[in-house]
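Here's the structure we're looking at; comments come further down.
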Amino acid sequence: MKKSTLNINRAFQKGGEERTHHVHVFPEGRERIARHIAFKEYLIAIARWQRHTAA
């Protein structure tokens, strides 16, 4: 388990060097949650756009 330098969330990883999961856990009501979710959605949208334009 990796502890955040700001001590406001926890990050859990599974799979060692070949990571299969990466989970962040935040206390309820943290503004950073929305930023993390927005960034995740952005990455998903970019990947979809790249697959669509490559076809």
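Could you tell me whether Thr53 is at pLDDT 80 or above, surrounded by fewer than 10 Cβ atoms within 10 Å (Cβ to Cβ) and either in contact with a His (Cβ under 6 Å, 6 or more places away or on another chain) or not in a strand (DSSP E or B) (or both)?
yes
Please go through region 8-38 and give me each residue that is of a type in the set (A, V, I, L, M) and either assigned to a strand (DSSP E or B) or at pLDDT 80 or above (or both), ordered by number.
Correct list: Ala11, Val23, Val25, Ile33, Ala34, Ile37, Ala38.
The values are calculated or read from the model by the stated rules, or taken from the named source; none is laboratory data. Since we're looking at a predicted model, the values are computed, not measured. Note that each Cβ is placed from the backbone with ideal geometry, even for glycine, and that neighbours are counted across all protein chains shown.
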